[in-house]
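Q: The structure's right below; bear with me while I get my questions together.
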Amino acid sequence: MITLNRLTRRYGQKKVVDGLTFEIQSGKVTGFLGPNGAGKSTTLRMVLGLDKPTSGTALVKGKHFAELNHPLREVGALLDAKAAHPSRSARNHLLALARGNSIPATRVNQVLDIVGLHDVQHKRAGSFSLGMGQRLGIAAALLGDPGIVIFDEPVNGLDPDGVRWVRELMRSLAAEGRTVFVSSHLMSEMQLTADHLIIIGRGRLLADAPIGDVIARNSLTTVVVRSPDSAKLHEALLRHGINVAPVNTGELHISGTSAEQVGDLAHEVGARVHTLNTQSASLEQAYVNLTAHSLEYGALQ
Amino acid sequence: MTTAINTLSSPLPKTSVNFKTALASEWTKFVSVRSTWWSTLSAFALMAGGSLILAMDFVGDLSEPQSVQDDPRTQIAVGEIAGDSTQLVQFATVALAMMVVTSEYSTGAIRNTLQADPNRTRLLIAKTAIIGAVTFISGILLGLIGILAAQAGLDGHGIWNTTDVTQAVFAIATYLSLVSMMTVGIAMALRSAVATLSTTLMLLLGMMMLLNGEIVHYTPGMAGSNFIRDNTTYYSRPAGIVIVAVWTLVTLGAGYVVLKKRDA
């Protein structure tokens with residue numbers, strides 16, 4: 001479990017991370033979303049004790065990262081796929097990390113098998129493609145069989161097979177009861193893997209909720225009606241204080257209501273209806289709505 | 001396809017990450033990159049070649065009237081020749097020590113290192129201990145190669161006194177070991193290879209060339225040279241190595257402060 005309490009990081013006057021408070025639960029994949037420069041990586045680095053918070057705390061299992069007795073056995077993290085010495089072999093890269101945490105060399109073989117780098121383990125990390133680098137980073141994260149895994153953009157550079165593999169990996173890690181915290185800019189990816197979402201913009205928390213709630217709450221479901229009597233219906237809707245956006249002749253997009261209510265109302269006023277359906281927003285839309293709001297808010301300041 | 005995450009079967013060790021695990025990790029990293037072997041090899045080549053050339057140069061100068069007037073000696077201690085080559089060899093040592101630190105920052109591997117063991121004090125000590133010990137041991141071999149090459153090149157003009165030779169070998173090893181640790185300190189403070197190399201060059205060589213008068217003997221390069229050559233004009237022999245050690249401690253202190261305070 002990861003706990004942030006009013007975590008803040010300032011660079012000069014700029015607050016890159018601004019009072020973040022949230023908890024990452026175990027047994028779930030928690031997605032960490034935000035536009036570029038929102039403070040995701042800085043937050044992750046503070047959780048891992050690499051960067052110092054200006055104020056507030058980031059705790060792992062109730063402890064500061066530096067107080068963990070066997071860090072790799074408690075937290076595994078992939079921050080940067082290229083973070084290996086280019087002339088060191090993949091195996092030796094993992095071996096050095098393993099020895100630092102009293103992890104036996106047999107485990108290095110295991111993780112090399114898990115990520116599919118067994119055959120290239122003696123090759124220099126510098127000769128690896130970005131995708132292989134990601135796999136090496138994931139191998140390092142799994143080395144200590146940790147209860148908490150943190151991945152920063154894990155699918156970057158992976159081919160479709162690799163993407164599917166990472167997705168399944170994250171799901172199975174969570175199913176084993178581990179805490180999985182994944183940052184990504186790929187909303188579609190999060191929609192497929194995450195159970196819970198933390199969204200930040202300009203260092204501030206925008207949302208912390210189950211993925212379904214985030215979508216429901218931040219993007220009103222739209223009812224789409226096509227009617228030759230749209231003017232009549234439009235008027236009736238306005239009378240009921242319902243928000244309507246006429247798209248083009250005969251088509252209305254209505255938010256803040258249900259298809260049932262719109263259908264009943266059309267019946268009441270005698271408007272013919274040719275199409276009546278609801279469009280539920282994707283995570284992408286929910287995310288755009290949320291972060292656009294944060295940017296507006298920022299600009300107004 | 002489901003992904004099976006094999007679990008780590010070995011139980012957690014009773015002891016937490018400690019100095020021993022930090023040393024094991026650093027050692028594995030140290031021996032698993034080619035640059036370690038290349039810079040070690042070049043140190044040996046520089047020492048053998050440098051001593052041989054300096055020795056032959058001394059012999060050659062014996063037939064030059066002007067040179068004889070400058071230095072009337074017809075014999076020279078082999079240790080002095082090896083000591084002078086050390087001024088060149090030390091840059092291979094600097095390169096080796098520098099890469100132990102700067103490669104971690106340039107690749108971002110430092111973040112892996114600190115995730116495995118977030119204790120930064122321990123990291124600095126482990127890195128310093130390994131490079132210092134390795135350089136001391138290779139320094140002894142370098143010293144031996146240096147005096148052997150000098151002896152060969154001097155062609156009968158070398159003074160071979162077992163006590164002096166032994167002292168010279170240990171002096172070379174001690175000096176190089178301190179230089180390597182000094183470099184670790186500078187690299188930890190500056191993080192970039194270029195900045196580290198230029199600062200170390202400045203400390204070891206630049207100050208020696210730019211400064212005038214007695215103060216020059218308090219620069220690490222000159223103090224080390226006085227120590228190796230047993231030049232006691234300005235201070236005793238042990239004082240020479242103490243000066244180098246003080247410089248080393250100062251740079252390690254600077255490296256420690258930066259490592260502790262700055263984000264990784």
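Q: Measure nothing fancy, just the Cα-based angle from helix B:220-229's long axis to the longest principal axis of chain B, in degrees from 0 to 90, nearest 10.
A: It is inclined by approximately 50 degrees.
Q: Then there's this: On a 1.4 Å probe surface of the protein chains, which of A:Trp165, B:Trp247, B:Trp38 comes out largest in accessible area, and what is the full order?
A: Largest accessible area first, the list is B:Trp38, B:Trp247, A:Trp165.
Q: What residues of segment B:110-136 lose no less than 50 Å² of accessible area with every protein chain in place versus their chain by itself (probe 1.4 Å, heavy atoms only)?
A: The answer is B:Arg111, B:Asn112, B:Gln115, B:Ala116, B:Pro118.
Q: Using a Gaussian network model on chain A with a 10 Å cutoff between Cα atoms, which of A:Gln285, A:Gln13, A:Gln25 fluctuates the most?
A: A:Gln13
Q: Additional query: Mind telling me which of A:Glu74, A:Glu189, A:Glu260 comes out most flexible in a GNM of chain A, alpha-carbon contacts under 10 Å?
A: It is A:Glu260.
Q: Same structure, new question: Give the accessible surface of segment B:84-176 per residue, rounded to a whole number of Å², with probe radius 1.4 Å and ligands, DNA and RNA excluded.
A: Here the residues of segment B:84-176 average 33 Å² of exposed surface.
Q: How much of the accessible area of chain A, in percent, comes from carbon and sulfur atoms when a 1.4 Å probe is used?
A: Here it works out to 49 percent.
Q: Follow-up. In debye, nearest 20, what is the charge dipole magnitude of chain B about its Cα centre with +1 on Lys and Arg Cβ and -1 on Asp and Glu Cβ, if you could check?
A: 1680
Q: What angle, in degrees between 0 and 90 and rounded to the nearest 10, separates the Cα long axis of helix B:237-261 from the longest principal axis of the Cα atoms of chain B?
A: Relative to chain B, helix B:237-261 is tipped by roughly 30 degrees.
Q: Given +1 on the Cβ of Lys and Arg, -1 on the Cβ of Asp and Glu, and no further charges, what dipole in debye does the protein assembly as shown carry about its Cα centre, rounded to the nearest 20?
A: I would put it at about 1200 debye.
Q: Using the C-alpha gyration tensor of chain A, what are the square roots of 5 times its eigenvalues, in whole angstrom, with the largest one first?
A: Equivalent ellipsoid semi-axes, largest first: 46, 22, 16 Å.
Q: Here's another thing I want to ask about it. Take every DSSP beta bridge whose two residues both sit in the protein assembly as shown, then give the antiparallel share in percent to the nearest 5.
A: Of all bridge pairs located within the protein assembly as shown, approximately 65 percent are antiparallel.
Q: Quickly estimate the mean residue ellipticity at 222 nm for chain A, helices only: each DSSP H run with n ≥ 4 gives -39500 (n - 2.57), and the total goes over all residues, rounded to 500. Don't skip to the end; give the middle numbers.
A: On the way: 11 runs with 117 residues, N = 301.
Counting only the DSSP helices, I get -11500 deg cm²/dmol.
Q: Ordering B:Ser32, A:Ser129 by accessible area with a probe of 1.4 Å, largest first, what comes out?
A: Listed by decreasing accessible area, they come as A:Ser129, B:Ser32.
Q: Further, regarding this structure: As a test question: what accessible area, to the nearest 10 Å², does A:Asp161 have when a 1.4 Å probe is rolled over all protein chains in place?
A: Approximately 100 Å² of A:Asp161 is accessible to the 1.4 Å probe.
Q: Probe radius 1.4 Å, ligands and nucleic acids ignored: give me the carbon and sulfur share of the accessible area of chain B as a rounded percent.
A: C and S fraction of accessible area: 68 percent.
Q: What figure, in Å² to the nearest 10, do you get for the accessible area of B:Trp37 with a 1.4 Å probe and non-protein molecules left out?
A: 150
Q: Let me ask something else. I'd like the distance between the alpha-carbon centres of segment A:223-295 and segment B:106-125, rounded to an integer number of Å.
A: A separation of 57 Å, based on Cα centres.
Q: Segment A:179-212 to segment A:1-37: how many Å between their Cα centroids?
A: 11
Q: Let me ask another. Using the heavy atoms of the protein chains alone and a 1.4 angstrom probe, what is the accessible area of segment A:99-183 per residue in square angstrom?
A: 34
Q: Which of the DSSP-defined H helices in chain A satisfy a minimum axial length of 24 Å, computed from C-alpha atoms, and a minimum mean Kyte-Doolittle hydropathy of -0.5?
A: Those that pass (Cα extent of 24 Å or more, hydropathy at least -0.5) are A:283-300.
Q: Here is a further query. Checking buried surface per residue: for segment A:30-50, which residues lose a minimum of 30 Å² accessible area in the protein assembly relative to the chain alone (1.4 Å probe)?
A: Checking the loss per residue gives A:Leu50.
Q: Which percentage, to the nearest 5, of the DSSP beta bridges contained in chain A is antiparallel?
A: The answer is about 65 percent antiparallel.
Q: If amide hydrogens are placed 1.01 Å from N in the peptide plane, which non-local residues have theirs closer than 5 Å to the one on A:Gly201?
A: A:Leu206
Q: For a quick check, take a GNM of chain B with Cα springs below 10 Å and name the residue from B:Leu96, B:Leu211, B:Leu142 with the largest mean-square fluctuation.
A: Result for chain B, Cα springs under 10 Å: B:Leu211 fluctuates most.
Q: Starting from the Cα of B:Ser35, step 7 Å toward the Cβ, then list every residue of segment B:117-142 with an amide N under 15 Å from that point.
A: In segment B:117-142, the label zone of B:Ser35 (backbone N under 15 Å from the point 7 Å along Cα→Cβ) covers B:131.
Q: How far apart, in nm, are the 7 Å Cα→Cβ label points at A:Ser188 and A:Lys61?
A: For A:Ser188 paired with A:Lys61, the spin-label model returns 3.8 nm.
Q: I'd like the interface area for chains A and B: accessible area of each alone minus the complex, both sides summed, 1.4 Å probe, protein heavy atoms only. What is it in Å² to the nearest 100? Kindly include the intermediate steps, with their values, before the conclusion.
A: On the way: alone 14680 and 13770 Å², together 24650 Å².
Accessible area lost upon association: around 3800 Å².
Q: Given points 7 Å out from each Cα along the Cα-Cβ axis, report the B:Lys261 to B:Asp155 separation in nanometres with one decimal.
A: Reported label-point gap for B:Lys261 and B:Asp155 is 5.8 nm.
Q: Here's something else I'd like to know. Any chance you could look up the accessible area of B:Phe170 with a 1.4 Å probe, heavy atoms only, rounded to 10 Å²?
A: Its accessible surface works out to 100 Å², give or take rounding.
The values are calculated or read from the model by the stated rules, or taken from the named source; none is laboratory data. Everything numeric in this text was worked out from a predicted model, so none of it was measured. Using ideal geometry, Cβ is built from the backbone for each residue, glycine included, and neighbour counts are taken over all protein chains shown. Quick note on the areas: whole protein, heavy atoms, side chains included, nothing else; ligands and nucleic acids left out. Shrake-Rupley method; radii C 1.70, N 1.55, O 1.52, S 1.80 Å.
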